[in-house]
1. Of all residues in region 136-145, which are surrounded by fewer than 16 Cβ atoms within 10 Å (Cβ to Cβ) and of a type in the set (A, V, I, L, M)?
2. Report whether or not V91 is buried (at least 18 other Cβ atoms within 10 Å of the Cβ), in a loop (DSSP other than H, G, I, E, B) and at pLDDT below 90.
3. Please give the number of the condition P147 fails out of (1) modelled with pLDDT under 90; (2) within 13 Å of F42 (Cα to Cα); (3) not β-branched (V, I, T).
Amino acid sequence: MKNVRLFILAILGVCLCVLSSCNGKGGSDTLCDHRKAEAGPFNNYLEKQAEPQIVDYRSATEYAKGCIKGAVNIPVSVVELNGSNGDCEYVKKVMAEFDVNKPLFVYGGKDAFGTNGMAVPGQLACKFTSVTLLVGGYDAWVAAGLPTMIP
């Protein structure tokens with residue numbers, strides 16, 4: 001009976017840690033929930049915003065070749081993503097640039113889920129009202145024929 005009580009307390013403790021790790025938003029793999037959108041819906045979400053907050057987390061070289069209008073380039077590195085629950089250097093940089101109380105839109109390159117970018121949306125979602133990731137990244141945006149600009 002004592003083992004059962006300890007087991008139940010352990011389960012409750014884990015549940016509380018998971019829920020609190022993302023400022024009450026819940027989440028998976030210690031990252032917070034964010035939505036993923038293909039290029040068309042991503043563009044629709046952007047158009048609904050008076051002044052959309054857009055982060056391009058590709059390298060400065062990639063960004064210089066073209067970006068989504070209004071995107072701010074904040075390149076990410078693996079080192080900056082070392083942290084938990086959004087408390088890492090990269091998230092701090094983004095928080096310094098944008099209003100955490102407004103939706104945030106993020107994209108990377110073709111492989112938005114690659115090594116450098118895999119944790120970006122989840123870690124940002126721990127701090128921002130909502131975060132939407134462009135599935136397929138900038139390449140998907142271009143392939144969909146959506147407008148781009150040279151910064």
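The values are calculated or read from the model by the stated rules, or taken from the named source; none is laboratory data. What you are looking at is a predicted structure, and each value in this text was computed from that prediction instead of being measured. When we count neighbours, we look across all protein chains shown, and the Cβ atoms used for this are built from the backbone with ideal geometry, even at glycine.
1. Step one: list which residues in region 136-145 are surrounded by fewer than 16 Cβ atoms within 10 Å (Cβ to Cβ), which gives 143-145.
Passing the criteria: A143, A144.
2. No; evaluated as a whole, the condition is false for this residue.
3. (1)
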